[in-house]
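One structure below.
FYI, it's all coordinate maths here, none of it is from the lab. Fair warning: this is a prediction, and the values are worked out from it, not measured in the lab. Note: ideal-geometry Cβ built from the backbone for every residue, glycine included; neighbour counts use all protein chains shown.
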Amino acid sequence: MNIQLPSPLQKLESPLLTEKRVDLWMKRDDLIHSEISGNKWRKLKFNILKAQEKKTNSILTFGGAYSNHILATAAACSLNGLRSIGIIRGEETLPLNPTLAKAKKLGMEIHYVSRADYKNKDQDWFIQELREKYGTFHLVPEGGANYYGVMGCMEILPENQNNFDIVCCANGTGTTLAGILLSAKTDQKVLGFPALKGGDFIRDNVNHLLKYSLFEDEMITDKMNQLSLETSFHFGGYGKVKPELVDFVNGFYSEFNIPLDLVYTGKMMFGLFELIREDHFSVGTKIMAVHTGGLQGNKGMKERLGIELVF
Ligand SMILES: *Cc1c(COP(=O)(O)O)cnc(C)c1O
């Protein structure tokens with residue numbers, strides 16, 4: 001399957017949205033590719049170019065056993081003729097879960113490290129050891145959270161006529177949020193929905209990532225003022241699911257025919273609809289919610305937790 005860009009922008013229609021007079025659109029980055037979905041493609045694009053430019057022809061990256069980023073990296077490297085190495089947190093469990101089985105099939109070399117060792121993944125000596133083991137590679141941090149990742153995410157907003165008042169996005173590392181914020185017009189607000197508990201750390205991450213791209217502190221302050229976070233829609237933490245979230249995601253599919261993932265976009269849309277119901281947005285507000293993809297993760301959820309989804 002080829003990369004489908006620009007991704008479609010889809011208007012959502014429902015009695016609630018009509019009643020509240022909120023204009024809501026979804027940017028369907030989940031449709032970019034079946035395996036390199038959503039923001040993972042955006043974050044990898046310039047990293048792939050960098051790996052090709054460096055002639056290392058290899059990418060090494062990190063992630064958990066169900067990571068969307070790991071699978072996306074495996075698929076993107078396979079598509080571009082690059083070698084991929086995935087450093088996975090935790091012990092190997094057989095049979096491989098659907099994410100790792102697919103990554104392996106796509107040619108990724110998988111290397112497991114204990115949870116304790118994984119904590120060293122950003123240390124120079126640890127990376128040096130990996131270089132001795134695997135040779136040269138372009139290193140992509142966990143979640144694609146680097147400057148090239150931010151650059152790729154700056155391409156989301158300008159793809160369509162961009163006259164939104166508010167742009168919403170689910171957050172893990174805040175890389176996608178940083179890219180959206182950088183490309184947002186000065187009168188636009190950007191609203192982040194962290195998928196993790198204690199999501200305020202996203203603000204520091206975004207601030208840190210902006211420092212690579214904007215050189216004046218004043219510009220960073222202006223950008224940060226356009227950002228707000230809704231930190232209460234984490235449902236107990238990363239990868240945690242509650243029945244009301246599953247019901248919402250199933251109901252959302254029935255109403256709009258759009259599948260959501262349970263880790264990120266399901267929580268964001270749940271939160272966004274709650275805010276809309278509570279009249280958080282003024283009449284006539286035009287909102288874009290970015291569907292960052294991640295649908296492959298539902299398979300692991302179904303398997304591990306026995307969750308029933310209607311799609
Ligand atoms: C990885 C992922 C995110 C988090 O993106 P960050 O740039 O790390 O904040 C959001 N949504 C989905 C579907 C993802 O897979």
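Quick notes
- Least to most buried among 126, 235 (fewest other Cβ within 10 Å first): 126, 235
- Paramagnetic reach from residue 185 (point 7 Å along Cα→Cβ, amide N under 11 Å) across segment 198-230: none
- From least to most packed, judged by other beta carbons within 10 angstrom and beginning with the fewest, 88, 110, 59 follow the order 110, 88, 59.
- Whole-number D in µm²/s for segment 215-311 (Stokes-Einstein; Kirkwood sum over Cα pairs; 10 °C, 1.306 mPa s): 105
- Candidate aspartates and glutamates for bridging to residue 55, where Cα separation is under 12 Å - those fewer than 8 sequence places away on the same chain excluded: none
- Within segment 174-204: backbone nitrogen closer than 20 Å to the residue 9 label point (7 Å, Cα to C-beta): 176-192
- Dividing the summed -39500 (n - 2.57) terms of all DSSP H runs of n ≥ 4 by the residue count of the chain sets its mean residue ellipticity at 222 nm at -12500 deg cm²/dmol.
- Residues with amide H under 5 Å from that of residue 229, placed H, sequence gap 5 or more: 192
- Put the Cα centre of segment 63-84 next to the Cα centre of segment 25-55 and the gap is 11 Å.
- Positive-end residue of 101, 60, 38, charge dipole of segment 13-121 with Cβ unit charges: 60
- With a Förster radius of 51 Å applied to the beta-carbon distance between residue 299 and residue 215, the computed FRET efficiency rounds to 0.75.
- Label-point gap, in nm, between residue 278 and residue 134 - each point 7 angstrom along Cα→Cβ: 4.2
- On the basis of the beta-carbon distance and an R0 of 25 Å, residue 79 and residue 127 show a calculated FRET efficiency of 0.50.
- This ranking places 125, 25, 41 by how few other beta-carbon atoms lie within 10 Å of each, fewest first, which gives 125, 25, 41.
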